[in-house]
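To keep things clear, I will list the structure first and then write my remarks on it.
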Amino acid sequence: ADKAHNLSHARTKVLEAAKAGAKLVVLPECFNSPYGTKYFDKYAETLLPSPPSEEQSPSFHALSKLAKEANVYLVGGSIPERDEGSKDDKKLYNTSLTFAPSGELLATHRKVHLFDIDIPGKIKFKESEVLSPGNKITLLDLPEYGKIAIAICYDIRFPELATIAARKGAFLLLYPGAFNLTTGALHWELLARARATDNQVYVGLCSPARAMKAEYNAWGHSMVVDPNAAVLEQLDEKEGTLIQELQAGKIEETRKGVPLYGQRRFDVYPDVSRGGKFEE
Ligand SMILES: NC(=O)CC(=O)C(=O)O
């Protein structure tokens with residue numbers, strides 16, 4: 001619950017990861033606040049005008065400084081964001097900020113698919129009670145490495161978003177996310193491997209550790225999956241840092257073996273990555 005502590009703890013862990021050789025570091029969904037509809041308003045920060053003042057967004061400044069200090073690309077998990085807009089258009093978003101090693105903001109992704117579920121006797125959650133959805137796919141080009149895509153948690157359940165990003169050239173799909181004890185056990189690894197299989201790209205999921213005293217118990221189990229859907233490494237539910245080196249050539253090798261990319265039937269169904277529409 002302590003934002004200042006969360007920011008300074010993130011700094012310690014990111015600096016450790018950088019020291020161990022990481023070049024791109026990912027933090028979990030809502031890394032600076034508890035995850036829950038009643039917390040988003042209280043913890044929300046304003047990002048506009050860009051750059052925001054320190055007072056408007058302490059997390060923006062902490063992440064920007066940290067990316068520079070650690071000399072890494074930093075995908076800052078996500079934070080609750082308030083868009084002041086016009087008075088009657090005050091909206092909250094679940095937003096991820098990515099910074100370059102220079103400290104420059106490279107991309108902003110607002111969670112596109114809001115987490116509204118109701119599994120009787122297990123879990124009910126309705127982000128749309130307080131959040132508004134983002135409306136774009138977030139793809140960015142890292143000059144030394146290539147294109148990556150960033151989306152948040154529930155977004156992973158929607159294959160269109162991943163497929164469009166991959167077909168536009170992303171080699172890595174990153175999802176800061178906080179599944180829970182019900183859906184985590186059922187779908188977390190399955191979805192990471194599914195998106196890797198569909199698109200033959202690397203997939204990285206980064207979850208908060210599980211806190212049983214919190215109202216929302218995150219699944220944990222951050223992982224990296226390769227283009228062949230092999231789980232390269234998976235953490236458990238406790239706090240940890242996962243470091244993986246992605247292999248150049250692995251995507252080409254996978255696509256050579258199972259050549260989905262040349263076998264699509266856009267004469268039968270549309271190419272969603274090019275705005276194709278299904279006509280009955
Ligand atoms: N928390 C989420 O956004 C998604 C989730 O927990 C799920 O899809 O399950």
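Summed over the residues of the range 147-207 and divided among them, the accessible surface reaches 28 Å² per residue at a probe radius of 1.4 Å.
In the chain, the calculated helix contribution to ellipticity at 222 nm averages -7000 deg cm²/dmol per residue, counting -39,500 (n - 2.57) for every DSSP H run with n ≥ 4. Secondary structure note: in the chain, about 65% of the DSSP beta bridges are antiparallel.
For Glu16, Glu189, give the ranking by accessible area with the largest first, probe 1.4 Å. Mind showing how you got there, number by number?
On the way: Glu16 90, Glu189 65 Å².
Output order, biggest surface exposure first: Glu16, Glu189.
With Rh defined as the Kirkwood radius, the inverse of the mean 1/r over Cα pairs, the Rg/Rh of the range 1-56 is 1.03. Taking a ≥ b ≥ c as the square roots of the eigenvalues of the Cα gyration tensor, an a/c ratio of 1.5 or more together with a/b larger than b/c marks the range 1-140 as prolate. For the residue pairs Lys3/Lys238; Lys13/Lys68; Lys91/Lys122; Lys42/Lys90; Lys68/Lys250, the C-alpha atoms sit more than 18 angstrom apart in Lys3/Lys238; Lys91/Lys122; Lys68/Lys250.
Restricting the trypsin sites (Lys or Arg not before Pro) of the range 203-253 to loop positions (DSSP other than H, G, I, E, B) with no more than 15 neighbouring Cβ atoms within 10 Å leaves Lys213, Lys238.
At q = 0.12, 0.17, 0.20, 0.22 Å⁻¹, what log₁₀ I(q)/I(0) does a Debye calculation on the Cα points of the range 84-214 give, no solvent, two decimals? Debye intensities relative to I(0), on a log10 scale: -0.51, -0.98, -1.24, -1.38.
Here r is the Cβ-Cβ distance between Glu215 and Gln56 and R0 is 45 Å; the resulting FRET efficiency, rounded to 0.05, is 0.95. Binning the C-alpha pair distances of the chain at 10 Å intervals from 0 yields a P(r) profile of 6, 30, 36, 21, 6, 0 %, listed from the shortest bin outward. Please report the base-10 log of the normalised intensity I(q)/I(0) for the range 214-280, using a Debye sum with one equal scatterer per alpha carbon and no solvent, at each q in 0.20, 0.22, 0.29 (1/Å). Treating every Cα as an identical point scatterer, log10 I(q)/I(0) equals -0.88, -0.94, -1.22.
Each of Glu144 and Arg167 was given a label point 7 Å from its Cα along the Cα-to-Cβ line. The distance between the two points is 3.2 nm.
The values are calculated or read from the model by the stated rules, or taken from the named source; none is laboratory data. Model, not experiment: these values are computed from the prediction. No Cβ is skipped: glycine too gets one built from the backbone with ideal geometry, and neighbour counts run over all protein chains shown. Calculation scope for accessible area: heavy atoms of the full protein, side chains included, ligands and nucleic acids excluded. Shrake-Rupley method; radii C 1.70, N 1.55, O 1.52, S 1.80 Å.
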